[in-house]
Each structure stands twice: as structure tokens, then as C-alpha cells.
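Bear in mind these aren't lab numbers, they're just calculated from the coordinates by the rules spelled out. The structure displayed is predicted, hence computed values, not measured ones. So basically every Cβ, Gly included, is an ideal-geometry build from the backbone, and we count neighbours across all protein chains shown.
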Amino acid sequence: MAGKTNNLRVGMIRADKRALWYGAIFDEIDPDAYDALDPVGFHHFTYYSIKAELTHKRAKGFKLTKVYDADSQAAEKLAAAFGGRPQVCRTLGEVSEDVDLVFIANESSDGSDHLDLARPGLQKGVPTFIDRPVASTVEDAKALIRIAQRKRTPLLSCSHLRLLPHVERFKLRFGELEPLERGIVHGHGPNPADMADGIELALHLFVDEFGGRAEQVHSMGAWPLEVVLVTCTKSQPQRRLHVMVVNSHLSGVRHAFHASASSNFRLIYLDDLEAFVQSEGGLAVMNAIREMIRIGKNPLPYKEMLAPVAVAEAARIAHNTGKASMVDG
């Protein structure tokens, strides 16, 4: 499989709005059909075009050839939005036959079924992308990784937010803080997929840059993960970093994420990561997937895929016990 990059055949699992969103990034979609199925998502791909045309940049070298959803009618509608070209699969096993990539879309799941959804394709040696989070528990995430390693099959799972160019530009400013001491991400909830975006963005922005590890988690608010406080430490030199992820806001039309970083003397803000720019992250994900298939290796270390799951799992434990929880993995 490694080395192939042209006309990559994609088998899509789940026929939800996220599948529409990613599908529109890598393949031709009927604008009217997209508008009918998800008018808000369609609007953000038009960039206020007078003709209401899809004007975003598209990834090259992919074709959606198969679709599977437990709801066969949803799968039929998704296939129709792509001109009826993709085959609607009646069983999960079919979607990983004769494809170059299995793509598991996730609009609102906590990832508890991702092990079952990904296992058939991974066991066949098909490169796989799992929309965030990779799983709902560290145990399931490690099980997925073991299958991928045993089959020597590339596996990628990440949020599109971590690959946005805006995020890397923001990180370049951390030198102004001397040193980075606190970080805040304002995201959305209680949709588990949205909360996974916020957690991964926070870890990528602050914990990765800090160079330590997420050690302890508190959870506050009306639901688990509404407000998550992550304490990070490192020994050389002895330092501590506090990161807060606020998932209090329902996902509005703009679906914007915000972040700030501070030291005792300075505060800086990240650009508004609203829906109009988020397709840039989706495009970057597809480009990373194409490179993953070309070289046959994961673009992200497994520990970076595990970290958001470990923090979310610790936060759920902390919320239920009312006490800080240590981060596993």
C-alpha cells in the first residue's frame, strides 16, 4: 500500500454532517444536495459567494467510493450528495474491501464504538483515519494501536484544529511570554466530539509546547468535561503549567474556538478559529493522510493520539469523584 497516492479510494464510515464536511474537502459534491442536508455547513464553504458556490480549497487524489452507516437511509442520502457514485455498503465489513483508506467520520460520538468500527479495516491492513477522539478510553485506544502495529498499518486520529495554520502562528508568539505559565481554550459542549476538539487543541497548543506531561486533571461544571483544568509538570527545570479547557458554550452557527496564553506579565490571544477557516484544518488532515499512505507511516506519534483520550478519561473520573484524577498513559 505504501507509495500509492493517486486516486485513493475512500471507504466512509458514518453518514453524518462530519462525513459531508470532510467529503466536500476531498471529492466533488452536489452543492444543492449539500445545502439541503446541512445548510449551515454548506454556507461556511461558500465564503459568502454571491452565487452560493463551494469556493474552498480541495484535497487532491481522493475519491469517495464506499459509504456505510447503520442507518442505511442516511448512507443513501450521503451517496446521493456525491452524485450517487459511492457504493452504499450493507455491512461494516464491505466498506473496507477494495479501498485505500477507511475514514471514520464523527459528528457527535464519544468514540466508544471506534474500536469496533475500525477493527475490520485495520485487520485487513487498510490505512485508517479516525475522526477525534480515537476512542473513549485509553484501553480501547491502545487496543486500536496494537492492531495497527501488528498489521503494520498506518493509523491516524486527530482534530482538524491542531493542523490549522493559525495555531502554529500562535505558538510562535509564546516567546513573548517568558515563560508560558497558563493557557485557556474556549470550546463547545456537551457534544463529545466538540469537547474532544477543545481538549486536543489545548494539549497541542500548551502541553506540547511546554515540553512536560499532563499529570493531573480536575473537572467542574454541569456535565463531565464542561470545565477541565489540566496541571502539567516537568522536572528540568522544575516548572508547572495550568491549562483550562472551557466547553460551556453550545455550538453556534460560527462554531468558533478561542484561546489565550499568559505569563505573569503578558497575555496573548489566538485568532478566532471560526467555521469559515476550519476547512483549512480539514484540508491539512487530508494532506497528512495522503502523505501517510505514500510513506506507510503515521504522521503523529501514538502518544499524541492517546493524550487527549487519557485527559478526557481522567476528567470523567474526576467529575464523578469530585477529586483530582491522575492522567493515565
For the range 155-218, what relative contact order do you get, as a whole percent, if you take Cα pairs closer than 8 Å and at least 6 residues apart? 36 percent
Classify the range 199-301 as rounded, prolate or oblate from the Cα gyration tensor: take a ≥ b ≥ c as the square roots of its eigenvalues, call it rounded if a/c is under 1.5, otherwise prolate when a/b beats b/c and oblate if not. oblate
Give the calculated FRET efficiency between residue 55 and residue 253 to the nearest 0.05, with a Förster radius of 25 Å applied to their Cβ-Cβ distance. 0.85
When the charge dipole of the range 198-329 is computed with +1 at the Cβ of Lys and Arg and -1 at the Cβ of Asp and Glu, the Cα pointing farthest to the positive end, of 264, 252, 220, is that of 264
By the Cα gyration tensor axes a ≥ b ≥ c (a/c under 1.5 gives rounded; else a/b larger than b/c gives prolate, otherwise oblate), the shape of the range 251-329 is oblate
Multiplying the sequence separation of residue 63 and residue 297 by 0.36 nm and subtracting their Cα-Cα distance, what value in nm do you get? 82.1 nm
Those lysines that a straight Cα-Cα span of less than 16 Å connects to residue 63, excepting residues fewer than 8 apart in one chain: 4
Taking neighbour Cβ counts within 10 Å as the exposure measure, how do 268, 199, 29 sort from fewest upward? 268, 29, 199
Debye, to nearest 20: dipole size of the chain, +1 on Lys, Arg Cβ, -1 on Asp, Glu Cβ: 1120 debye
Could you give the nm distance between label points at residue 208 and residue 7, where each point is 7 Å from its Cα heading toward the beta carbon? 3.5 nm
Cβ-based net charge around residue 194, under 15 Å, with every Lys or Arg adding one and every Asp or Glu removing one: -3
Low-density loop trypsin sites (Lys or Arg not before Pro), the range 96-146, at most 15 other Cβ within 10 Å, DSSP non-H/G/I/E/B, are 124
Restricting to bridges with both residues inside the chain, how much of the DSSP beta-bridge set is antiparallel, in percent to the nearest 5? 50 percent
Charge dipole magnitude, Cβ of K and R +1, D and E -1 - the range 193-329, Cα centre, debye nearest 20: 460 debye
State the extension gain, in nm to one decimal, for the chain segment bounded by residue 97 and residue 151, taking 0.36 nm per residue of separation less the distance between their alpha-carbons. 17.8 nm
Rounded to the nearest 0.05, FRET efficiency between residue 328 and residue 223 (Cβ-Cβ, R0 35 Å) equals 0.95
Using 0.36 nm per residue, how much length does the chain from residue 268 to residue 73 gain when fully extended, once their Cα-Cα distance is taken away? 65.5 nm
Residue 234: which aspartates and glutamates have alpha carbons under 15 Å from its alpha carbon, excluding same-chain residues fewer than 8 sequence positions away? 181, 208, 209, 215
Loop only by DSSP, 15 or fewer other Cβ within 10 Å of the Cβ. Give me the GluC sites (Glu not before Pro) in the range 1-84 that pass, ordered by residue number. 28, 53
